[in-house]
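Computed from the coordinates by the stated procedures, all read-outs in this text should not be read as laboratory data. Being a predicted model, the structure only gives us computed values, none of them experimental. All Cβ positions, glycine included, derive from the backbone under ideal geometry; neighbour counts span all protein chains shown.
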Number of protein chains: 2
Amino acid sequence: MQTSGCLIIIGNEILSGRTQDKNLSWIAKELNETGIRLTEVRVIPDIEDTIIETVNLCRKNHAYVFTTGGIGPTHDDITSAAIAKAFGVPLEKNTDAVAILERHYDKAKLNEARLKMAHMPRGSALILNPVSAAPGFRIENVYVMAGVPEIMQAMFGQVKHELKGGAKMLSKTVSAYVTEGNIAAGLSAIQDRYPDVEIGSYPFVRQNQLGTSLVARATDASRIEAASAEIKALLLGLCDKVFEEDWVN
Amino acid sequence: MQTSGCLIIIGNEILSGRTQDKNLSWIAKELNETGIRLTEVRVIPDIEDTIIETVNLCRKNHAYVFTTGGIGPTHDDITSAAIAKAFGVPLEKNTDAVAILERHYDKAKLNEARLKMAHMPRGSALILNPVSAAPGFRIENVYVMAGVPEIMQAMFGQVKHELKGGAKMLSKTVSAYVTEGNIAAGLSAIQDRYPDVEIGSYPFVRQNQLGTSLVARATDASRIEAASAEIKALLLGLCDKVFEEDWVN
């Protein structure tokens with residue numbers, strides 16, 4: 001059994017196309033290592049009602065919810081306040097978070113805006129931030145992290161050990177310069193023989209040549225090996241060379 | 001007034017972290033040029049019920065819905081069939097799509113798997129594919145496109161002219177090596193004076209220096225200019241140099 005995770009990316013800058021999200025694939029891979037499968041991602045704007053509604057829906061449907069973005073000191077950082085409302089608890093100054101900010105900033109620099117970053121929903125546990133001090137937080141199954149990848153990654157590193165997943169999804173990729181249309185029937189037959197292995201087919205263009213990557217995913221390594229051997233044989237019936245990658249996510 | 005758009009990214013390969021999505025930001029920028037604002041993105045797995053439910057929800061809530069992924073010839077390409085079910089119409093062979101595939105492929109190569117790509121929900125209009133022939137389709141306000149960026153972009157180019165948006169969102173970015181915490185109060189005051197301009201604050205790290213990009217967005221260029229002038233003055237009170245980018249999305 002796999003445990004299900006959801007990522008909520010909060011930020012107008014992602015939806016406007018200004019900023020290319022880099023957190024999704026990073027978090028997906030990290031979660032997989034703990035046996036949690038990312039099964040839903042939502043990208044939503046910095047609008048309070050939308051954040052409240054999305055968080056409340058996702059935290060019911062998933063074992064773990066992660067949010068990125070909107071916990072800085074400026075007026076457009078509204079995630080913490082919205083999450084307090086989602087949980088129906090007050091947003092209040094977290095004394096541990098204040099102490100962290102006091103250690104990090106000179107007294108003169110610890111202004112009201114920076115202290116805003118110490119405001120969290122009542123009952124939150126801090127997620128420490130080894131990069132820039134201001135912590136994220138966890139409330140129940142919702143992990144609230146920064147949007148800047150370097151900071152988010154450092155925060156995730158602080159909580160990874162406490163995530164309890166199921167079996168880890170393993171995978172093997174076999175690629176070749178063969179087009180999907182030529183292997184679809186044979187591949188479908190292999191998929192039918194391995195209902196417990198998820199076989200994905202992903203076309204690519206490399207050096208102006210069309211190819212396909214076939215990814216077998218399952219929690220049982222021996223089943224992946226068996227399915228991949230059949231995939232490899234299928235490809236080698238149509239071309240001279242295949243490329244294999246083991247155990248990539 | 002802005003028209004709202006939604007993107008549904010369909011594919012296990014995005015959720016597993018294997019493939020880095022590049023379609024979101026590209027589509028966001030293109031939509032903005034037509035006065036459509038991307039206000040929601042969902043990333044969902046190749047699971048029929050999930051596709052049906054998500055498409056039916058999003059097409060009610062948005063003027064335009066775009067999907068990427070899952071329209072190829074292999075067993076894991078289930079988007080077209082799921083969308084037919086979402087609309088409650090049969091999935092059937094589209095004769096125009098068949099004609100296109102017949103022109104593109106040698107008769108021997110046009111196998112059943114490739115003909116699968118000509119199956120579409122009844123009532124669909126084709127979205128031509130100048131890259132690899134197999135078309136996408138539109139049904140009502142839902143545009144169904146390929147996941148491979150080069151193909152998706154070519155398909156989008158075929159339909160862009162028919163999208164009817166509202167006022168185009170303009171923007172101006174002013175950046176400086178100033179931290180968010182030092183400008184938050186002043187910035188909030190500017191935001192209060194310009195309720196019709198959306199001011200976003202985005203920290204960055206460049207050459208090991210912390211900085212902030214301030215993005216003013218609105219449909220009225222003169223209001224952006226006025227707000228940006230105040231933002232620039234705020235920054236120049238704290239540092240010697242600002243960087244300006246005009247009319248980026």
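When the trypsin sites (Lys or Arg not before Pro) in the range B:200-249 are filtered for DSSP coil states and for at most 16 other beta-carbon atoms within 10 Å of their beta-carbon, the remaining sites are B:K241.
Of B:L234, B:L115, B:L15, the residue with the greatest mean-square motion in the GNM of chain B, using alpha carbon springs below 10 Å, is B:L234. For chain B, a Gaussian network of Cα nodes joined below 10 Å ranks B:I127, B:I183, B:I231 by mean-square fluctuation, and the top entry is B:I183. Lysine pairs in the range A:104-249 whose alpha-carbon atoms fall under 25 angstrom of each other, counting only those eight or more residues apart or on distinct chains, come to 8.
Antiparallel as a % of all DSSP beta bridges within the protein assembly as shown, to the nearest 5? Show your work: numbers first, answer last.
On the way: 63 of 97 bridges.
Around 65 percent of the beta bridges assigned by DSSP in the protein assembly as shown are antiparallel ones.
Among beta bridges from DSSP that stay inside the range A:3-162, the antiparallel ones total about 35%. Only alpha carbons enter this Debye calculation for chain A, each as an equal point scatterer, and the log10 of I(q)/I(0) it gives at q = 0.11 Å⁻¹ is -0.69.
For the protein assembly as shown, the mean residue ellipticity at 222 nm estimated from helices alone is -11000 deg cm²/dmol, where every DSSP H run of n ≥ 4 contributes -39500 (n - 2.57) and the total is divided by all residues, rounded to the nearest 500. If R0 equals 30 Å, the separation of the Cβ atoms of A:K29 and A:E112 corresponds to a calculated FRET efficiency of about 0.20.
Taking every C-alpha pair closer than 8 Å and separated by at least 6 residues, the mean separation divided by the residue count of the range B:170-246 gives a relative contact order of 47 percent. Distances, shortest first, from the label point of B:P130 to those at the same position in the other copies read 5.0 nm; the point lies 7 Å along Cα to C-beta.
Simple rule: put +1 on each Lys or Arg Cβ and -1 on each Asp or Glu Cβ in the range A:1-124, find the dipole, and look at A:S25, A:A63, A:T39; the Cα lying farthest toward the positive end is A:A63. Magnitude of the charge dipole for the range B:170-246, about its Cα centre and with charges confined to Cβ atoms of Lys, Arg (+1) and Asp, Glu (-1), is about 180 debye. Between the range A:156-221 and the range B:159-234, what is the C-alpha centre distance in whole Å? Going from one Cα centre to the other spans 41 Å.
Put the Cα centre of the range A:115-139 next to the Cα centre of the range B:100-139 and the gap is 52 Å. Inter-copy label distances at B:D240, using a point 7 Å along Cα-to-Cβ, come to 6.2 nm with the shortest given first.
About its Cα centre, the range A:71-125 has a charge dipole of approximately 80 debye under the convention of +1 per Lys or Arg Cβ and -1 per Asp or Glu Cβ, with nothing else charged. Nearest 20 debye, what's the magnitude of the dipole of the range B:3-162 about its Cα centre given +1 on Lys and Arg Cβ and -1 on Asp and Glu Cβ? Roughly 220 debye, rounded to the nearest 20.
Computed over chain B, relative contact order equals 18 percent, with contacts defined as Cα pairs under 8 Å that lie 6+ residues apart.
Where chain A is carried onto chain B by rotation, the Cβ closest to that axis, with its residue and distance in Å, is A:R42, 3.
In the elastic network of chain A, a GNM with C-alpha springs shorter than 10 Å, the most mobile of A:A229, A:A125, A:A97 is A:A229. Summary for B:A189: label point 7 Å along Cα→Cβ; distances to the equivalent points in the other copies, ascending, 7.5 nm.
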